[in-house]
1. Any chance you could list the semi-axes, whole Å, largest first, of the equivalent ellipsoid that the Cα gyration tensor gives for the range 85-192, using √(5λ)?
2. If you take the beta carbon distance between Arg141 and Glu94 as r and set R0 to 22 Å, what does 1/(1 + (r/R0)^6) give as a FRET efficiency, to the nearest 0.05?
3. With a 1.4 Å probe and every protein chain left in place, work out the accessible area per residue of the range 82-192 in Å², rounded to a whole number.
4. Using the Karplus equation 6.51 cos²θ - 1.76 cosθ + 1.60 (θ = phi - 60°), what ³J(HN,Hα) coupling, rounded to whole Hz, does each residue of the range 119-125 give in order, writing x for Gly and Pro?
5. Tell me, what % of the accessible area of the range 71-192 is carbon and sulfur with a 1.4 angstrom probe?
6. With the dipole of the range 128-192 worked out from charges on the C-beta (+1 for Lys and Arg, -1 for Asp and Glu) around the Cα centre, which of Leu165, Cys137, Tyr176 lies farthest toward the positive end?
7. How large is ³J(HN,Hα) for each residue in the range 29-43, as worked out from phi by the Karplus curve 6.51 cos²θ - 1.76 cosθ + 1.60 (θ = phi - 60°), to whole Hz, x for Gly and Pro?
8. For a Förster distance of 22 Å, can you work out the FRET efficiency between the beta-carbons of Lys157 and Arg188, rounded to the nearest 0.05?
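The values are calculated or read from the model by the stated rules, or taken from the named source; none is laboratory data. Computed from a predicted model, the values in this text were never measured in an experiment. Using ideal geometry, Cβ is built from the backbone for each residue, glycine included, and neighbour counts are taken over all protein chains shown. Ligands, DNA and RNA are excluded from the accessible area calculation, which covers all protein heavy atoms including side chains. Shrake-Rupley method; radii C 1.70, N 1.55, O 1.52, S 1.80 Å.
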Amino acid sequence: MHYIFTILFCYNSLFALIEKEKSFEDTNITEAYRQIKNSFSEGYYLPQNIKAMENITQMLDDKESEIYGYKNFKVLWHNENEVTISLNAFENGERICTYKSYDIFLKQINTNVQGIIESKMLYPQDIQTYIQNACACNYFRGEYGYDKARQKELDEKIEQYCKPLPQTYNILQEKYNNQPKMQKILKRVNEL
């Protein structure tokens, strides 16, 4: 049954990937959420307590969205034993370096909780890789080389992430020539 549960979640989204799967023994959903939130790289965007947040969508204000890159999070209790917490990214390139949305699924089964973190890519893999590299390039170009070793490291990172970008951009432009949404995303990334 465990494998069917996992496959169904993957099936729901074309670009979905299970990032983490964990069983929590002798606990409840609230405690399992606290533990999985603390181990989740994007966890600081999520609410501290989900029990008080019954079926709400929390929109992030402009300042929060500018900092975090996400437009909202949702807490959806399906029943007292199942909850989905979603962290939703902008889908049209508004915060281009945030290119995945996430769902956390928690299900109480007797005294244990099954937890899954699923990421949902907003773009095809080649565009996502291009975005990752462009954002890394942008980051390292903005760093300060405070000594020779650090400057050498920055130069290597800039070579790694920045140098291939123009060629990759041209390839992706041609590949997605007839897809206006992808063209818009590519243009936005190219302007970083």
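1. On the way: eigenvalues 201, 101, 23 Å².
Each semi-axis is √(5λ); the values are 32, 22, 11 Å.
2. Working: r = 22 Å, r/R0 = 0.98.
E between Arg141 and Glu94, to the nearest 0.05, is 0.55.
3. Values: 5950 Å² over 111 residues.
Averaged over the residues of the range 82-192, the accessible area is 54 Å².
4. Each residue of the range 119-125 in turn: 9, 10, 6, 8, 9, x, 4 Hz.
5. Values: 3090 of 6620 Å².
Whole-percent figure for carbon plus sulfur exposure: 47.
6. So the residue furthest toward the plus end is Tyr176.
7. Going residue by residue, I get 4, 4, 5, 4, 4, 4, 5, 5, 4, 5, 9, 9, 4, 9, x Hz, with x marking Gly and Pro.
8. Working: r = 22 Å, r/R0 = 1.01.
Rounded to the nearest 0.05, the efficiency is 0.50.
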